[in-house]
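All remarks here apply to the structure that follows.
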Amino acid sequence: MAVGVEASALRAPFPWFGGKMRAASMIWERLGPGVDSYIEPFAGSLAVLLQRPGGAGQTETVNDADGFICNFWRALAADPDGVAAAADWPVSELDLTSRHLWLVGRRADLTARLEADPDYHDAKVAGWWVWGICSWIGSGWCDGRGPWRVSEDGARVVKGGGGVNRKLPHLGDDGRGVNRQLPHLGNDGRGVNRQEATAEWLRDLSARLRRVRVCCGDWRRVCTPSASNRNAATVAYLLDPPYDDGFDPDGCYAAGVGSLWGDVARWAAAAGEGPRHRIALCGYEGAWEVAGLRVPRGWDEVAWRTKGGYGGGMGGDGEDNQRRERVWFSPACIGSRQIGLFG
Ligand SMILES: C[S@@+](CC[C@H](N)C(=O)[O-])C[C@H]1O[C@@H](n2cnc3c(N)ncnc32)[C@H](O)[C@@H]1O
């Protein structure tokens, strides 16, 4: 166990837009940590899974359409030291651009391999990706939407589209890269070798993820009876899709703008009728109405507040959106009105 890091306090070594760290304990109170099968179709930084009280459950399945995310979690589970070695590099503007270009050039092939082979992962890609996202300021890391790309002969960086932005990296905190994400090390890491502390932290995460199934692709692929384990008496879903009217820094809406949240909500409304399904759906206040739907009968709406900022759930209008965060819980969730009435 890494210094000062408790099992229940595990968190991702990178910031992620829309992260639900602050809502995690409230979500677990309603889903119940003892649920037989837990599914997170929009994994991101896995903020909720990593805060499951008591650690791993019987069956846990996570998924993300973003190949870099899926590769990171798979590589971390299988080879934490390989990921730590690749991530251990000083922050440098030149390397940030060249590594960014190298990663963006691999996105399509990486995603295809992850989709085809459930064991596939690449520790170097994972380490470089997490090093970069921790050095990068703001959104757009590896989204492939910047103006700079590698020339045909591979020798220079030229303007041309479909590439990367060039930015100064995070230097304000002494360029600590991945180490800057270290969670509350006892004495602020003094007297502790930060690289070794990071490696230990990644090993802890690896141990936590060892039996978690990490899928890559569209959310629907893990929202099926077979993915949930047919024998499970209770199945919990954390549905945290990109929000319809939210800030969209990483192009989450790229395909089918505005329709994804509504599709997920429709699926949730139908699946939530089943007594063994405990569903938590995240969104902004009024999201059902924006999607042309109504909150189904028996569902509870719970408000919570983000800290704001990347990884804290920031929306386009920053401060305002911090207050608009909601989680809707299906009737079979613990403590819901429906259970109070009939159970
Ligand atoms: C709001 S973030 C999830 C944040 C996560 N709950 C956390 O705490 O870090 C939404 C995630 O959905 C993923 N995503 C977007 N479209 C998707 C799709 N069609 N299927 C699966 N994942 C998708 C994005 O890559 C992103 O990681």
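The values are calculated or read from the model by the stated rules, or taken from the named source; none is laboratory data. Nothing here was measured: the structure is a model prediction, and the numbers come from that model. Note: ideal-geometry Cβ built from the backbone for every residue, glycine included; neighbour counts use all protein chains shown. Quick note on the areas: whole protein, heavy atoms, side chains included, nothing else; ligands and nucleic acids left out. Shrake-Rupley method; radii C 1.70, N 1.55, O 1.52, S 1.80 Å.
A search for C-beta distances below 6 Å between a residue of region 311-332 that is hydroxyl-bearing (Ser, Thr, Tyr) and any residue that is buried (at least 22 other Cβ atoms within 10 Å of the Cβ) and at pLDDT 80 or above, counting only pairs 6+ apart in sequence or on different chains, returns Ser330/Gly272; Ser330/Ile279. Take Leu94 and tell me if it is free of Cβ contacts under 8 Å to residues at least 12 places away in the same chain and of a type in the set (A, V, I, L, M, F, W, C). Answer is yes for this residue.
Would region 195-216 turn up any residue that is at pLDDT below 95, within 12 Å of the ligand (Cβ to nearest atom) and either open to solvent by less than 10 Å² (accessible area, probe 1.4 Å) or out of contact with any strand residue (DSSP E or B) (no Cβ under 7 Å at 6 or more places or on another chain) (or both)? For region 195-216, residues at pLDDT below 95, within 12 Å of the ligand (Cβ to nearest atom) and either open to solvent by less than 10 Å² (accessible area, probe 1.4 Å) or out of contact with any strand residue (DSSP E or B) (no Cβ under 7 Å at 6 or more places or on another chain) (or both): absent. In the condition set (1) open to solvent by 20 Å² or more (accessible area, probe 1.4 Å); (2) under 18 Å from Ala78 (Cα atoms); (3) in contact (Cβ under 8 Å) with a residue 12 or more places away in the chain, Val125 is compliant with all but (1).
When the criteria are applied in full, Leu103 meets the requirement of being open to solvent by less than 10 Å² (accessible area, probe 1.4 Å), under 23 Å from Trp141 (Cα atoms) and either among the polar types (S, T, N, Q) or more than 10 Å from the ligand (Cβ to nearest atom) (or both). The residues of region 21-33 that are at pLDDT below 95 and not in a helix (DSSP H, G or I) amount to a single one, Pro33. When the criteria are applied in full, Arg221 fails the requirement of being more than 14 Å from the ligand (Cβ to nearest atom), among the basic types (Lys, Arg) and either open to solvent by 20 Å² or more (accessible area, probe 1.4 Å) or in contact with a Lys or Arg (Cβ under 6 Å, 6 or more places away or on another chain) (or both). Just so you know, in region 304-343 the residues that are away from the ligand (no atom under 16 Å from the Cβ) and in a helix (DSSP H, G or I) include one that is modelled with the highest pLDDT, and it is Asp320. Looking at Gly4, Gly67, Gly18, Gly44, just one residue is within 16 Å of the ligand (Cβ to nearest atom) and modelled with pLDDT under 90, and that residue is Gly18.
Let me confirm something: among Ile69, Ile39, which residue is buried (at least 24 other Cβ atoms within 10 Å of the Cβ), touching a helix residue (DSSP H, G or I) at 6+ places or on another chain (Cβ under 6 Å) and closer than 30 Å to Thr234 by Cβ? If you could, list the steps in order and put the result at the bottom.
Details: Ile69 fails: touching a helix residue (DSSP H, G or I) at 6+ places or on another chain (Cβ under 6 Å).
Residue meeting the stated conditions: Ile39.
Out of curiosity, is Val83 aliphatic (A, V, I, L, M), touching a Leu at 6+ places or on another chain (Cβ under 8 Å), touching a residue at least 60 places away in the same chain (Cβ under 8 Å) and more than 12 Å from the ligand (Cβ to nearest atom)? Yes: the conditions hold for Val83.
Figure legend. Inter-residue proximity from region 35-52: first residues on the phi > 0 side of the Ramachandran plot, second residues not aromatic (Phe, Trp, Tyr), beta-carbon distance below 8 Å, spacing 6+ or different chains. Indicated pairs: Gly44/Gly18; Gly44/Gly19; Gly44/Asp64; Gly44/Ile69; Gly44/Asp240; Leu46/Ala12; Leu46/Glu40; Leu46/Val62.
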